[in-house]
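J.: Before I ask anything, here is the structure I am working with.
The values are calculated or read from the model by the stated rules, or taken from the named source; none is laboratory data. Quick caveat, the model's predicted, so the values are computed rather than measured. SASA here: full protein model, heavy atoms, side chains in, ligands and nucleic acids out. Shrake-Rupley method; radii C 1.70, N 1.55, O 1.52, S 1.80 Å.
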Amino acid sequence: VFTWGKGGHGCLGHGEDLSNQLLPKKVEAFAGQRVVAVSAGASHNLALTADGAVWSWGDGAFGRLGHGDQQIQLLAKKVEAFA
């Protein structure tokens, strides 16, 4: 998975690096995993890995990341409700 563009709210998934990315940059959280689907929102993202796990990152306002809170996730985090 590669992301680029506006880096605010952790929506690119590059950890503490919230800078804007002018070129595609690999999301290291998925190293060694096979991602089969991705969905991008305005300030958050979701990914589905081949093992059936759902991952989310970015702005968690209104619980949109599925982690039971409203925290910003700077790195992809597995949604435990689907584990």
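J.: Order Val79, Val1 by their accessible area, 1.4 angstrom probe, all chains in place, largest first. Write down the numbers at each step before the final one.
T.: On the way: Val79 5, Val1 50 Å².
Accessible-area ranking of Val79, Val1, largest first: Val1, Val79.
J.: Report the relative contact order of the chain, percent, no decimals, based on alpha-carbon pairs under 8 angstrom and at least 6 residues apart.
T.: Numbers: 188 pairs, mean separation 22.3, N = 83.
Result for the chain is 27 percent.
J.: Another question about this same structure. For the chain, what does the accessible surface come to per residue with a 1.4 Å probe? Please give it in Å².
T.: Values: 4980 Å² over 83 residues.
Accessible area per residue, the chain: 60 Å².
J.: Please report how far the C-alpha centroid of the stretch 33-54 lies from that of the stretch 1-32, rounded to the nearest whole angstrom.
T.: Taking the Cα centre of the stretch 1-32 as reference, the centre of the stretch 33-54 is 14 Å away.
J.: I'd like the carbon and sulfur percentage of the solvent accessible area for the chain, probe radius 1.4 Å, heavy atoms only, ligands and nucleic acids excluded.
T.: Working: 2820 of 4980 Å².
About 57 percent, which is the carbon plus sulfur part of the accessible surface.
J.: While we're looking at this one, here's another question. Work out, step by step, the length gained on full extension between His67 and Ala37: first 0.36 nm times the residue separation, then minus their alpha carbon distance; give nm to one decimal. Can you show the working numbers first?
T.: Values: separation 30, 0.36 × 30 = 10.80 nm, distance 1.93 nm.
Result: 8.9 nm gained on full extension.
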